[in-house]
Amino acid sequence: MTDQNQLSHNNIEDQQEGSEQCSDEELDVFHYQEEKEKYPMLVRLLENMLSQVLVNLLTIYALYGDDIRIICFDKRADSTFDGITIFCIIIFSTEIVITSIVRKEYLNSFFFWLDIISTVSQILDITLFNVAVGLEGSVSAKSGSDLQQANKASKTSSKAIRVVRLVRLIRIVKLYKAVNYQREYSLRKSKTKSNTIQMIKNSNKSQIYPQKEDRMEQQQYVLRETPNLTTLNLNSVQQKDQVNNLTSVIDCNEQGNNSNEHRRSYNKQILPESHYIQQIQQNEEVGRKIQEKGETEQKQKKESRVSQRLSDATTKKVTLLVILLLLIMPLFSSDYYYEQSQSLEYAAQYFKVVAEIPNTRLSEINETLNFVIDQHNQFDTPVGFIRNPFIGIKDYERQDYEYIRESAKGYYFTHVDPILVGLEYIGDPIILFVSDNSQIERLNSIINIINTLFVSCVLLFGALAFAKDAKNLALAPIERMIVKVNIIAKNPQEAKEMKLDVESLQRETTQIENAIIKIGTLLALGFGDAGSAIIGTNMASSGDVNPMLPGKKKWAIYGFCDIRNFTDATEVLQKDVMVFVNSIAEIVHTMVNRYQGSANKNIGDAFLLVWKISDHSWYEENGKIKWKNYEYINIIADCSLFSFMKIFAKINREPKILEYRNDKRLIQRLPGYKVKMGFGLHIGWGIEGAIGSEFKIDASYLSPNVNMASRLEAATKQYGVSILISSDLYNLFSPDLKKYLRQIDMVTVKGSVKPIGFYTIDIDADHIPPSKEDYSQHEKLEVMDQKRQIFINQIEAGEFKSEIHFNRNKDLILIMNNFNPEFYALFTQGFQGYLLGDWKEAQIWFEKAKVLKPNDGPISTLTAFMNEHNFKAPTNWKGFRELTEK
């Protein structure tokens, strides 16, 4: 065996071993097993239920512990709470360190710094720390108010930062699920165990003491299985005794003897001690398997990468929004910019005190009012109106007071004791001050506008951010999946052209997208072009799968090719024959695909290839086919011949095929062995559809035209040529290609009365050089795809010319290198004499042509046929003969 074949053989064995392993082990489609933890003990510690409960409880304490300390306890409990807070910091720090070690994506991530900040912020809850840095304790009265404000601000900031630890409480949901699953698993395990024990007991009991109604079944079973006892290995005495004992027990049961003696005899005979040992071992094995299965099911399902990433992204954005709102929202309160003024209320009280002083004069009261007015004109809330009950003092009213809204007015009043005042007054002794809050109201309105804009922006950008994550991680992949499914449903063959998305760590959605492409590709490979309608119809249907669709009439070019001496090769190569066939199939399929065709059937040593003609390119008129675009049909016809010529060249040039010429096993059976193939081409209608049943179908074509292609291929052996083409297809070749073909016979085949012409093209591969392997298999496929795309572009642009392609393609030039126009002309003259019945003349021309090509197969075949009639055409000769060989 050659090195290359040995390599292919080893690859196949490796694939077989891999498939056997996949059958024994659980298939890991999403490669979760590749994400094995590097530090399993730390992971178990981190994900342990008790650890998570502890961390969540400490998280709740971090949120509310300081407030509970102030509400429920006095200063004596501060040291205890400081100890709990320090313990929280230690636990949270430990968790951060462990998570950084076992989760490589955690270190320096958003959540890493979030946990760092929230943990450090707990230091502000430690009373001893606050005293040490001066945030609490005895300080000077001068800085007391400032220190109180700073302490309040630091507490508020730390609390705001710590609120983000709420995201950790998501673990509570996981804990709930884990507890629930554990409870369900325990219940299921106990039921399974009890059922298993009961089953074993019943099984043993039924085997030792069979019920009466079961005995007839046992007897019938033994009698039914008795003929098969001859297949047992009865060389051992024990096995023979067991059979004899079984027969004797059946006889005893037939006599109706159910005594204890017979029962004991039955037990000893039917169930020897070794049986009980075997039964116990089986029961232990069953129990072990049930336990292993339960332990496997007990493992918590791994969260998908998509879910984890979407959850992290959502949590991150929610956390940022919470922090932003907690820090920004205070800015949208008027209290942040000014304190509510109570000065007019104090002024009213002051005015009352002045007015109630004994012997107070009106001038003094008037001066007090003017002082209040002047002072408040410097504030944001000036005095808008003052009403007093005294006759000698006029009420004060600001110039624009009548235009002030009621919502912008602040009312402050007080009662004056008339007895103490001793002055004349009108009405009730009430002093009323009205403040003008228009400026504050305008500021509040501005703040409200900014607040509304801020909330709108937060909602807008939050919605866009969440929508972006959902779109990128879930919705966009689903939309791409829908597009791919629609494309595959419309044309399954396009699945083979789709590119897989390759990522270092693929998300499940990406893997599902790739799976759709792979499934579509496998469907396209399995059903072929003929099964496109089956795939598309069933994918578009919402009902059950229905592969048995009615057939459709299609016009196509059918190509049939066969590997010569395949039976001998199979017997010699044995398991290596698969590599042999697939190496040839790769060339056949690649060339056919490049030249606009498709592979339909692989029948061991033969291949059925099809070049479908679009339904829009033809129509029937008076029972005859009419072509709408004759140039397009010429190109398709030329492509079918080009592909077979290229296959012929490749099997004689590709190094991996040429290696079989040196295979000792083949040479020993077939000296001078070369890989050879025969080709047949024909055009006609065919019924495209599913052949088979609901258990197995093949998408193919049923038509006498398909059989004709097969007969043409078979006839290549009779005529000694590599390619045979029907006259129906020859008529559709471009004129540039027709000049290289010669007609070699006119026959009627079995089952048909219509004569058909046989054409061939003279190709030779005896002295062509092998191809050079300058690139890898992957690069080779890319080059093939590029060439195919260039070929398609030329056809679509109307730039493809068969003559140019014929004279520029290296493979075609090599195999046509021995084309001899003189031989072609001589053979044509002889063949015309053959058709006209002038066989003596034909013999003369054929002899002249044979000088140029001594081993020409068609000349030998026609000469032999004419020789049977002494080179004299029969009286009923009509220019064709019956081809008796199939």
Handout entry: Euclidean distance between Cα centres, segment 739-769 to segment 356-382, Å
Key = 127
Completion exercise
F129 and R665 label points (each 7 Å along its Cα→Cβ direction) are spaced in nm at 7.8
Exercise for the section: Name the long-range amide H neighbours of I691: under 5 Å, sequence gap of 5 or more, or other chain; modelled H, no Pro or chain starts. Expected result: D698, A699, S700
Exercise for the section: Rank-order 702-711, 376-385 by packing density, defined as the average count of other C-beta atoms within 10 Å over each peptide's residues, highest first. Expected result: 702-711, 376-385
Problem - Residue among L344, P358, M329 farthest towards the positive dipole end of segment 321-403, charges placed on Cβ - result: P358
Handout entry: Rounded to whole Hz, the Karplus (6.51, -1.76, 1.60) HN-Hα couplings of segment 858-865, x for glycine and proline
Key = x, 5, 5, 5, 5, 5, 5, 5
Handout entry: Derived scalar couplings ³J(HN,Hα) [segment 673-686; Karplus, 6.51 cos²θ - 1.76 cosθ + 1.60; whole Hz; x for Gly, Pro]
Key = 5, 9, 6, 10, 9, x, 10, x, 10, 8, 10, x, 7, x
Fill in the blank from the handout: For segment 777-865, the charge dipole (Cβ of Lys, Arg +1; Cβ of Asp, Glu -1; about the Cα centre) points to a positive end, and the Cα of H805, T863, G833 closest to that extreme belongs to T863
Exercise for the section: Could you pull out which residues in segment 74-90 have an amide N less than 20 Å from a spot 7 Å beyond the Cα of V120, following the Cα-Cβ vector? Expected result: 85-90
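Under a Cβ-only charge scheme (Lys and Arg +1, Asp and Glu -1), can you give me the dipole magnitude of segment 820-886 about the Cα centre, in debye to the nearest 20? The partial results should precede the final answer.
Numbers: 8 positive and 8 negative charges, 11 e Å.
It works out to roughly 60 debye.
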Exercise for the section: Mind putting a number on the dipole of segment 550-812 about its Cα centre? Charges go on the C-beta only, +1 for Lys and Arg and -1 for Asp and Glu, and I need it in Debye to the nearest 20. Expected result: 420
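Taking 0.36 nm per residue of separation and subtracting the Cα-Cα distance, what length does fully extending C72 through D736 add?
Once the chain is fully extended between C72 and D736, it gains 228.7 nm.
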Problem - Peptides ranked, highest mean first, by Cβ atoms within 10 Å: ranges 90-98, 478-486 - result: 90-98, 478-486
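Could you sort the peptides 787-800, 588-601 by per-residue average Cβ neighbour count (10 Å cutoff), highest mean leading? Don't skip to the end; give the middle numbers.
Values: 787-800: 12.5, 588-601: 21.2.
Result, highest mean Cβ count within 10 Å first: 588-601, 787-800.
Would you please classify the overall shape of segment 487-562 from the alpha carbon gyration tensor, given that a ≥ b ≥ c denote the square roots of the eigenvalues, rounded means a/c under 1.5, and beyond that prolate means a/b larger than b/c while oblate covers the rest? Walk me through the numbers before you get to the answer.
Details: a/c = 3.16, a/b = 1.59, b/c = 1.99.
Cα axes put segment 487-562 in the oblate bin.
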Handout entry: Distance (nanometres) between label positions extended 7 Å along Cα→Cβ at D400 and T314
Key = 5.2
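Could you tell me which of the pairs K552/K750; K738/K878; K316/K496 are separated by over 30 angstrom between their Cα atoms in the structure shown?
From the list (K552/K750; K738/K878; K316/K496), the Cα-Cα distance tops 30 Å for K316/K496.
Expressed in nm to one decimal, what extension gain is obtained for the pair Q777 and L549 from 0.36 nm per residue of sequence separation less their Cα-Cα distance? Display every interim value, and only then the final one.
Values: separation 228, 0.36 × 228 = 82.08 nm, distance 3.84 nm.
Net length gain for the segment: 78.2 nm.
No value in this document is a laboratory result; all are computed from the given coordinates. Not measured: the values here are computed from a predicted model. Note that we place each Cβ from the backbone using ideal geometry, even for glycine, and neighbour counts take in every protein chain shown.
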